Amino acid sequence: MLRLLVSLIVFVLFIGPPQAQESGLQAVLQNNQKAVERASRKTVDPLLDALVASRSPAVPQFLEKWRAKDVWLNQKDGLFYYLKSEKTDPVTLVDIETGEAVGTAPKDDMKQLKPNSGVREVLASALVRFQLQADDKARRIAAVSAIERSAEPQHLDALRKAAAAEADAELKLRMDRLVRLLAIRFDPDPAQRVAAIRSFASNTAVDVRAALNPLLATTIVVADKMPEGVNLARRLTPGANLSTEAAYDLLVEKGLAPAKLTRDVRDKALLAHLQNENVAGIPRAELNTEAARSEAYALLAENGLVPPPVTQAEIREALEAHVFLEVYAESDATVTNAARESLASIENRVDLYRSIDLGLDALSLASIYFLAAIGLAITFGVMGVINMAHGEFIMIGAYTGYVVQQVIPDYTISIIVALPLAFLIAFAAGVALERLVIRHLVHRPLETLLATFGISIALQQLAKNIFGTQARPLTSPAWLDGAWVINDVISISLIRIAIFVLALGFLGLLIFILTRTRFGLEVRAVTQNPRMASSMGINPDRINMLTFGLGSGIAGIAGVAIGLFAKVTSELGSAYIVQSFMTVVVGGVGNIWGTLAGAGMIGSLQKVIEFLNPSNTLAAQTYMIIFIIIFIQFRPKGIIALKGRAAGD
Amino acid sequence: MTRAETLLELDRISVAFDGFKAINELSFAIGSAELRAIIGPNGAGKTTMMDIITGKTRADSGQIKYGAHAVDLGQMSESAIAQAGIGRKFQRPTVFENQTVFENLVLALAHDRSPFSVLKYRMGRADRVRIDVLAEEVGLSDHLTRIAGELSHGQKQWLEIGMLLAQEPRLLLVDEPAAGMTPEEREHTTDILVRAAETRAVMVVEHDMEFVRRLNCRVTVLHEGSVLAEGSIDHVMQDRQVIEVYLGR
Amino acid sequence: MERTFLVRNPSILIFIGVLAVVTLGATLLSEGLGVGLLSTSFIKTLGKTLCLCLAALALDLVWGYCGILSLGHFAFFGLGGYMIGMWLMYARTEEIVSASLANAPLPATPLEIREAIGTQIFGVVGGSDIPMMWSFADSLVLQLLLVLLIPGLLAFVFGWLAFRSRVTGVYLSILTQAMTLALSLYLFQNDSGLRGNNGLSGLQNLPGADDIPQALISVWFLWASAVSLAMVYIISTWLMSGKFGSAIRAIRDDENRLRYLGYSVEGYKLVVFVFSAVITAIAGALYYPQAGIVNPAEMAPIASIYLVVWVAIGGRGRLYGAVIGAAFVSLVSSWFTGGQVPDLNLGFYTVKWVDWWLVLLGFGFVLVTLYAPKGLGGLVDMLVRRKEA
């Protein structure tokens, strides 16, 4: 009841005192028939006023139809109708007030109203005003959204009134915010604008920044003396914060100084004054240095044949005779000051969010590196063996995921199947590699590296032969699409979160295996002192085999994870292998925490360098590798160094 | 001992590995022409002491003064220390197994060791004679052209001693030279060491008391990283603390 | 002394003999100077193979003799190619540009020529300014010096950092791989000043040799490559047979022992590494004018690893082993991948060698590592010993 009362009052306030007697829509249109038929931007406003004054409930629909070119004039009776369908002939006429079919007419009698685009714009904005008042909340929301998309000055008042009357708390908040955004742009009262600007301090939303930034737009103004009454951003001094070149070019552009003599112009002038193979007495063949050409031009200028070139002194003089100013397009200094302050506080906040976002990015990259490198670190740590084919185990995992998806079309189930399957296949491949090759090369780490490299070449080419060279898709389930958006600056894709969780899970699992199980105990014993371990009844061959299998299996799982966001090709593994090596080397060999530290460091380093030099990810990798080479200088054994067999002493 | 006679002096050296004090406030000195035996139970810090002198391990605190000018070895690299005249023989014989005995000895000869002077090196008559003499001394005259890896364990030990002598060091550090040798070989080794000590300082780390006794020299007993006793072999063997350490375990 | 040197190293005479026979034979059968039985492209392949042999020789010095397994030697190879390529491209472009500006209404000024060269060379990466690093590109002598200096400097800085911190074994190998990856990624950028992924091209056209046919030029390069290989072989044999070589092999076998003998191991490693890098750069500088194009992809880590594979198959620690390996594998490789080998029909599947050669090479390499760690050179040793016995 109260709501009805309020909206009634607002309605009255909005429309103002009735200017005309309450009458039907058709009647108002008949009174203004010419204005309707030949509506223009100028004439449409009184008509709209009249329509509003009519208080006919059919007006909003009429405006919508009119805008959509769905209103027809029956030239026989001079009345306006909608048509049921324009395809039939005769057409069925629909009354514009009641919406009921009222008869038929031959199509030739009907004339379509085609308001021009200017009129349609005015209609749209008027419609929004109507919609803001609508009883239906959905329509009010639609109106607010429409204003958000494209705001116009006349929306401000309507919206302000609507906001005051809005009963729905959430929508009211949204309207209030929009009112302040519009006020920044359209409010005629500077105090209101400043208040609106101030109210957005530290607000990092994109639309706020979009509203504030244009206020600080500047143009460069050149004048012979300091002009009065401009909103000055700063004064430019040629040679200091404006290059003399640019300053002079500006003068030339504004016609305040003669153009400098370019080489092009000079050469054209020389050619124009070429007589008997001579220019000003200098033979053409001798004009083969810049100095000679300039001299020839100077001679022409002396004879008055060409304008003399602008000298440095003249340039200096011209620059000194003018002032160069950066002037705000917005004339009110209080507004620009407030905008500057608000933007500064927003920038601070944005910087903070960006660093958080960067941190999250780095974290997700680090978890990818961790997943890719941990298997390598385990085998390197326990067996002192570098497995160059590690990248190909990652590739095997990714292709496993792809093949499983071919068999099981449901993406969720296929991922759930693919993860353990990738582990098993890579585990089996790892065990085979250990038994067939690595076991026979014990204590020859460089030869192991070479042999595994041979495996790597062969596996890569095999994958190429089987799956072809083009990338294969490994599609993530729908619930992993999209991103977790925290605000306009911070967002992180769900796949990366999933990979982070996966990495975290493996970290926990590996720590559990290594510290809480018999196998882990034996692994640590073999790592620290293989001879002692074997004399205590531990079979180092078995431990080595299982360790290698475990390391390879994890690479397989990493392959599925990487395949979800990267393309599955035969080169997938080799793209990550060097980073994996780096992770192991930087982190320190044979230690899960070391690998974690290494992955964290390389991940964040890469992101920070990319942030500092966003245009160039290639250079970022270069700098990162250089950094790592230098880092090794100070910690040759990595961040977390181990003692024992793996430490190489 | 006065400064002039002292070749090497360790002054309150300490070193710790992960909190374990391998060497604890160790002070020690050796003269410029002296034979000295170092004994002590396992973990007493004998090998670590040699590591510190040769620059393999850096001391956490204390000073190592060497030579008449009391140079601080703590700041020098392994190769610089070796060039300063300190030679070391490891417990396990370490020679270059893929090269001939002759090549091993040539590498050890006291000459400028910088890459470019080695590049210009031409073997002269003097060097050839020197190598023959050394080979004679360590009993390898007939084996000069053999690959070092083919030698017996004892021969390798001798080759390494021969290489040490070829360096013409002022201080020789010898770690268990007699390990794995026959009694005759041991005797020969003793002779070589005693003769070497006539002109230079020789430090011998040894477990075998009989061997030490035959060296007939001053003995330093290390225990838990510091000097427990010092004196003639008979003197230290009667020391109550020494007996406790050796027998009490 | 020299006589005893040759007597002590009979392999030199055999090697040079074989090399001379091959080179002379190829010349006599070539299109350029001989009967035309061998195509120009085959002569080029032969010349390039000799350059690869040279690079393998250089790698063998650091790996086979000094124990430093470098997985990044193609960084030096490529850099050598880039350094000579800069002169080739600049000088050649200058010729073309001067010729096209000859018809201009005014005789071209040096500035105009330079600008035209800049546009011609760097237009492909959206630039026209000639970067600083091309300052010496107009001088063959200076650019030849850079062939030696730039890779040498890179090897010196990298080696100094790595050896000083006592990085050895697989760690060092991985660092060298990282180095070559970093360099190739850097060169992939368009603003690296070396035309990004386009690399330098048209290198087969020698400036000032327009009227000399490629058939002849290819023979010249074959000889240049052969002579370089022979010279480096002699120098390397000399280096590795004396006391210096003895010290280098001692580093490989037990660098700590050598340290306690008073040798500064780092200094020796650095000398060998830089020497090897410079030789590799010379090989690259001879290779790329025959290949015609050098680009960053050439320096991808895989290329350096292939070099290692050749040396391993040939037999490391012997100079001729490295050469045999490189010659054998790279020639067989180009034979298989060139599509000249008939497909193998298994009935149910046809083995196309273009696709399967790498699989064969990979597994073959594993077998060599497992069962013939001394490589083909080891076979030669065995034959020689049997003959002696």
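When you go through A:371, A:325, A:358 one by one, which is the residue that is farther than 30 Å from residue A:607 by Cα and hydrophobic (A, V, I, L, M, F, W, C)?
Just a single option satisfies the conditions, and that option is A:325.
What is the number of the single condition among (1) under 15 Å from residue C:320 (Cα atoms); (2) surrounded by fewer than 22 Cβ atoms within 10 Å (Cβ to Cβ) that residue C:27 does not meet?
Result: residue C:27 fails condition (1) only.
When the stretch B:211-249 is examined, which residues are found to be out of contact with any Asp or Glu (no Cβ under 9 Å at 6 or more places or on another chain), farther than 22 Å from residue B:20 by Cα and part of a strand (DSSP E or B)?
Listed by number, the list holds a single entry, B:230.
What tally of residues in the stretch C:191-206 results from selecting those that are part of a helix (DSSP H, G or I) and either touching a Phe, Trp or Tyr at 6+ places or on another chain (Cβ under 9 Å) or among the hydroxyl-bearing types (Ser, Thr, Tyr) (or both)? It would help to see each step written out before you state the result.
As a first pass, look at the stretch C:191-206 and keep what is part of a helix (DSSP H, G or I): C:191-192, C:196-198.
Next, from what is left, pick out any that are either touching a Phe, Trp or Tyr at 6+ places or on another chain (Cβ under 9 Å) or among the hydroxyl-bearing types (Ser, Thr, Tyr) (or both): C:192, C:196-197.
Number satisfying all stated conditions: 3.
Has the stretch C:327-337 got any residue that is modelled with pLDDT of 80 or more and either touching a strand residue (DSSP E or B) at 6+ places or on another chain (Cβ under 6 Å) or in a loop (DSSP other than H, G, I, E, B) (or both)? Write out each step before concluding.
Filtering the stretch C:327-337 down to residues modelled with pLDDT of 80 or more leaves C:327-337.
Now narrow it down to the ones that are either touching a strand residue (DSSP E or B) at 6+ places or on another chain (Cβ under 6 Å) or in a loop (DSSP other than H, G, I, E, B) (or both): none.
Within the stretch C:327-337, not a single residue is modelled with pLDDT of 80 or more and either touching a strand residue (DSSP E or B) at 6+ places or on another chain (Cβ under 6 Å) or in a loop (DSSP other than H, G, I, E, B) (or both).
Take the residues of the stretch A:247-283 that are more than 14 Å from chain C (Cβ to nearest Cβ) and of a type in the set (Gly, Ala, Ser): which is least open to solvent (accessible area, probe 1.4 Å)?
Restricting attention to the stretch A:247-283, the residues satisfying the condition of being more than 14 Å from chain C (Cβ to nearest Cβ) are A:247-261, A:276, A:281.
Now restrict to residues that are of a type in the set (Gly, Ala, Ser): A:247, A:255, A:257, A:259, A:281.
Values: A:247: 0, A:255: 62, A:257: 17, A:259: 67, A:281: 64 Å².
Residue satisfying both the conditions and the ranking: A:247.
Just checking, how many residues over the stretch A:204-213 are touching a residue at least 40 places away in the same chain (Cβ under 8 Å), buried (at least 17 other Cβ atoms within 10 Å of the Cβ) and more than 16 Å from residue A:334 (Cβ to Cβ)? Talk me through it step by step, then tell me what you get.
To start, the set of residues in the stretch A:204-213 that are touching a residue at least 40 places away in the same chain (Cβ under 8 Å) comprises A:204-209, A:212-213.
Applying the additional criterion that residues be buried (at least 17 other Cβ atoms within 10 Å of the Cβ) yields A:204, A:208-209, A:212.
Next, from what is left, pick out any that are more than 16 Å from residue A:334 (Cβ to Cβ): A:204, A:208-209.
Going through the stretch A:204-213 one residue at a time, the tally reaches 3.
In the set C:383, C:331, C:370, which member is more than 20 Å from residue A:465 (Cα to Cα), away from chain A (no Cβ under 14 Å), in contact with a helix residue (DSSP H, G or I) (Cβ under 8 Å, 6 or more places away or on another chain) and surrounded by fewer than 21 Cβ atoms within 10 Å (Cβ to Cβ)?
Values: C:383 fails: in contact with a helix residue (DSSP H, G or I) (Cβ under 8 Å, 6 or more places away or on another chain); C:370 fails: away from chain A (no Cβ under 14 Å).
Answer to the check: C:331.
For (1) within 8 Å of chain A (Cβ to nearest Cβ); (2) open to solvent by 10 Å² or more (accessible area, probe 1.4 Å), each residue gets a yes or a no:
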{"residue": "C:151", "(1), (2)": "no, no"}
{"residue": "C:156", "(1), (2)": "no, yes"}
{"residue": "C:159", "(1), (2)": "no, no"}
{"residue": "C:165", "(1), (2)": "yes, yes"}
{"residue": "C:185", "(1), (2)": "yes, yes"}
{"residue": "C:190", "(1), (2)": "no, yes"}
{"residue": "C:197", "(1), (2)": "no, yes"}
{"residue": "C:202", "(1), (2)": "no, yes"}
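In the list C:52, C:79, which residue meets the criterion of being in contact (Cβ under 8 Å) with a residue 12 or more places away in the chain, at negative phi, hydrophobic (A, V, I, L, M, F, W, C) and in contact with a Pro (Cβ under 7 Å, 6 or more places away or on another chain)?
Numbers: C:52 fails: in contact with a Pro (Cβ under 7 Å, 6 or more places away or on another chain).
After applying the criteria, what remains is C:79.
So which residues in the stretch C:207-230 are surrounded by fewer than 16 Cβ atoms within 10 Å (Cβ to Cβ) and in a loop (DSSP other than H, G, I, E, B)?
Of everything in the stretch C:207-230, those that are surrounded by fewer than 16 Cβ atoms within 10 Å (Cβ to Cβ) and in a loop (DSSP other than H, G, I, E, B) turn out to be C:208, C:209, C:210, C:211, C:212, C:213.
Does any residue of the stretch C:245-264 turn out to be β-branched (Val, Ile, Thr) and open to solvent by 10 Å² or more (accessible area, probe 1.4 Å)? Don't jump to the end; show me each part of the working.
Residues of the stretch C:245-264 that are β-branched (Val, Ile, Thr), as a first pass: C:248, C:251.
Next, only the ones that are open to solvent by 10 Å² or more (accessible area, probe 1.4 Å) stay: none.
Within the stretch C:245-264, not a single residue is β-branched (Val, Ile, Thr) and open to solvent by 10 Å² or more (accessible area, probe 1.4 Å).
Looking at A:487, A:465, can you tell me which residue is assigned to a loop (DSSP other than H, G, I, E, B), polar (S, T, N, Q) and either more than 30 Å from residue A:361 (Cβ to Cβ) or away from every other protein chain (no Cβ under 14 Å) (or both)?
Numbers: A:465 fails: assigned to a loop (DSSP other than H, G, I, E, B).
Criteria check complete, one pass: A:487.
Which pairs have Cβ atoms under 7 Å, sit 6 or more apart or on different chains, and link a residue in the stretch C:82-103 that is free of Cβ contacts under 8 Å to residues at least 40 places away in the same chain and open to solvent by less than 60 Å² (accessible area, probe 1.4 Å) to one that is in a helix (DSSP H, G or I) and among the charged types (D, E, K, R)?
Close Cβ pairs (under 7 Å, with a partner that is in a helix (DSSP H, G or I) and among the charged types (D, E, K, R)) amount to C:101/C:112.
Does the stretch A:427-436 contain at least one residue that is open to solvent by less than 50 Å² (accessible area, probe 1.4 Å) and at pLDDT below 90?
Step one: of the stretch A:427-436, the residues open to solvent by less than 50 Å² (accessible area, probe 1.4 Å) are A:429-434.
Those left that are additionally at pLDDT below 90: none.
The answer is no, given that none of the residues of the stretch A:427-436 is open to solvent by less than 50 Å² (accessible area, probe 1.4 Å) and at pLDDT below 90.
Out of A:629, A:609, report the one residue that is free of Cβ contacts under 8 Å to residues at least 40 places away in the same chain, within 10 Å of another protein chain (Cβ to nearest Cβ) and either of a type in the set (Val, Ile, Thr) or open to solvent by 50 Å² or more (accessible area, probe 1.4 Å) (or both).
A:629
Under 6 Å between Cβ atoms, at least 6 apart or on separate chains: pull out the pairs that start in the stretch B:102-118 with a residue that is open to solvent by 10 Å² or more (accessible area, probe 1.4 Å) and end on any residue that is of a type in the set (A, V, I, L, M).
B:102/B:144; B:115/C:271
Output the residues belonging to the stretch C:167-183 that are more than 7 Å from chain A (Cβ to nearest Cβ), within 19 Å of residue A:380 (Cβ to Cβ) and open to solvent by less than 30 Å² (accessible area, probe 1.4 Å).
Matches in the stretch C:167-183: C:172, C:176.
Exactly one of these conditions fails for residue C:278: (1) in contact with a Pro (Cβ under 9 Å, 6 or more places away or on another chain); (2) surrounded by fewer than 24 Cβ atoms within 10 Å (Cβ to Cβ); (3) within 7 Å of another protein chain (Cβ to nearest Cβ). Give me its number.
(3)
Give me the residue from the stretch C:284-326 that is outside any helix (DSSP H, G or I) and modelled with pLDDT of 90 or more and, out of that set, nearest to the chain's Cα centre (by Cα). Explain how you work it out, then say what you get.
First, pick out the residues of the stretch C:284-326 that are outside any helix (DSSP H, G or I): C:292-295, C:300, C:315-318.
Filter again for modelled with pLDDT of 90 or more, leaving C:292-295.
Values: C:292: 14, C:293: 14, C:294: 12, C:295: 14 Å.
It comes out as C:294.
On the basis of being of a type outside the set (Gly, Ala, Ser) and buried (at least 17 other Cβ atoms within 10 Å of the Cβ), does residue C:354 make the cut? Steps first, please.
Values: of a type outside the set (Gly, Ala, Ser): yes; buried (at least 17 other Cβ atoms within 10 Å of the Cβ): no.
When the stated conditions are applied, residue C:354 does not pass them.
What residue, among those in the stretch A:35-46 that are in a helix (DSSP H, G or I) and surrounded by 19 or more Cβ atoms within 10 Å (Cβ to Cβ), is nearest to the chain's Cα centre (by Cα)?
Among those that are in a helix (DSSP H, G or I) and surrounded by 19 or more Cβ atoms within 10 Å (Cβ to Cβ), it is A:44.
Being more than 9 Å from every other protein chain (Cβ to nearest Cβ) and in a loop (DSSP other than H, G, I, E, B) is the filter here, so list the residues in the stretch B:110-134 that pass it.
Within the stretch B:110-134, B:112, B:124 meet the criteria.
Find the helices (runs of 4 or more DSSP H) located wholly in the stretch A:284-385 whose residues include 2 or more that are modelled with pLDDT of 85 or more, surrounded by 15 or more Cβ atoms within 10 Å (Cβ to Cβ) and within 32 Å of the chain's Cα centre (by Cα), and list them.
Numbers: elements: A:290-302, A:312-320, A:333-383.
Of the helices (runs of 4 or more DSSP H) lying wholly inside the stretch A:284-385, those with at least 2 residues that are modelled with pLDDT of 85 or more, surrounded by 15 or more Cβ atoms within 10 Å (Cβ to Cβ) and within 32 Å of the chain's Cα centre (by Cα) span A:333-383.
Being open to solvent by 20 Å² or more (accessible area, probe 1.4 Å), at positive phi and at pLDDT below 85 is the requirement here; does residue A:638 meet it?
Numbers: open to solvent by 20 Å² or more (accessible area, probe 1.4 Å): no; at positive phi: yes; at pLDDT below 85: yes.
So residue A:638 fails the test.
Taking the stretch B:152-184 only, how many residues are open to solvent by 10 Å² or more (accessible area, probe 1.4 Å) and either under 12 Å from the mean Cα position of the chain (by Cα) or touching a residue at least 40 places away in the same chain (Cβ under 8 Å) (or both)? Full working, then the answer.
Let us first name the residues in the stretch B:152-184 that are open to solvent by 10 Å² or more (accessible area, probe 1.4 Å), namely B:152-153, B:155-156, B:158, B:165, B:167-168, B:170, B:176, B:179-184.
Still in the running and either under 12 Å from the mean Cα position of the chain (by Cα) or touching a residue at least 40 places away in the same chain (Cβ under 8 Å) (or both): B:153, B:156, B:165, B:167-168, B:170, B:176, B:179.
Of the residues in the stretch B:152-184, 8 are open to solvent by 10 Å² or more (accessible area, probe 1.4 Å) and either under 12 Å from the mean Cα position of the chain (by Cα) or touching a residue at least 40 places away in the same chain (Cβ under 8 Å) (or both).
Of the residues that sit in the stretch B:28-65 and are open to solvent by less than 10 Å² (accessible area, probe 1.4 Å) and either within 14 Å of chain C (Cβ to nearest Cβ) or part of a helix (DSSP H, G or I) (or both), which one is nearest to residue B:242 (Cα to Cα)?
B:49
The values are calculated or read from the model by the stated rules, or taken from the named source; none is laboratory data. All values reported here derive from a predicted model rather than from experimental measurement. Positions of Cβ are backbone-derived with ideal geometry, glycine not excepted, and every protein chain shown enters the neighbour counts. In case anyone asks, the SASA skips ligands and DNA or RNA and just uses the protein heavy atoms, side chains included. Shrake-Rupley method; radii C 1.70, N 1.55, O 1.52, S 1.80 Å.
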